[in-house]
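Peer 1: Dropping the structure in here first, questions after.
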Amino acid sequence: MKLKPVIFIFVVFFCLWAWIPSAFSNGIKWHSYKDGVTRGKYEQKNVFLNFYADWCGFCKKMDKETFKDPAVIAFLNENFISVKVNSEKERKIAREYYVTGLPVSWFIAKNGEKISSLPGYVSPGALMNILKYIQTDSYKDMTFKDFLKTM
């Protein structure tokens, strides 16, 4: 009879041990364009929009390095609505954002207005600085260079 609480505690511990790593290792929660923009307005979050193509080497590098970085994953999932758009399959959306090279990322304000674009491969550290710049609304009243001096 005294073993039941021990077994219960063991079962609870095992369940938590199995659940916790998967809760943090799922990666960035990517949304479709329509869903992401709608969620951004509804949840009052900025949108991080990434354009890519299957053939793009630097897109694959960002997927493998930048978008697998734990700090980037956590920050995007907490503070942004992340959207991934295949520019070859969704050409109309790519034209709307003047996509001429890949990869390219856009930042969209909570109200749906375009903030700025970010062309090319971006390392995890550089992206983290830019994400913080956008998320804190610092882009409204200071240059990125001045923002970096405050960090």
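Peer 1: Out of Gly36, Gly27, report the one residue that is closer than 30 Å to Glu88 by Cβ, among the small types (Gly, Ala, Ser), at pLDDT 95 or above and not in a helix (DSSP H, G or I).
Peer 2: Going through Gly36, Gly27 in turn, just one is closer than 30 Å to Glu88 by Cβ, among the small types (Gly, Ala, Ser), at pLDDT 95 or above and not in a helix (DSSP H, G or I): Gly27.
Peer 1: Tell me the residue from Glu113, Glu88 that is of a type in the set (D, E, K, R) and within 12 Å of Asn46 (Cβ to Cβ), please. Quick ask: steps written out before the conclusion?
Peer 2: Values: Glu88 fails: within 12 Å of Asn46 (Cβ to Cβ).
Checking each option against the conditions leaves just Glu113.
Peer 1: Restricting the search to segment 106-151, which residues are assigned to a helix (DSSP H, G or I) and of a type in the set (Phe, Trp, Tyr)? Let's see the steps before the verdict.
Peer 2: Restricting attention to segment 106-151, the residues satisfying the condition of being assigned to a helix (DSSP H, G or I) are 124-135, 138-140, 144-150.
Tyr133, Tyr139, Phe144, Phe147, listed by residue number.
Peer 1: Return yes when Ser82 is in a strand (DSSP E or B) and either free of Cβ contacts under 8 Å to residues at least 12 places away in the same chain or surrounded by fewer than 17 Cβ atoms within 10 Å (Cβ to Cβ) (or both) and no when it is not.
Peer 2: Judged against the criteria, Ser82 is not a match.
Peer 1: Across segment 54-79, which residue is nearest to Asn129 (Cα to Cα) among those that are aliphatic (A, V, I, L, M) and surrounded by 17 or more Cβ atoms within 10 Å (Cβ to Cβ)?
Peer 2: The residue in question is Val72.
The values are calculated or read from the model by the stated rules, or taken from the named source; none is laboratory data. Given the structure is predicted, the values throughout are model-derived calculations rather than measurements. Reconstructed Cβ throughout: ideal geometry from the backbone, glycine too, with neighbour counts over all protein chains shown.
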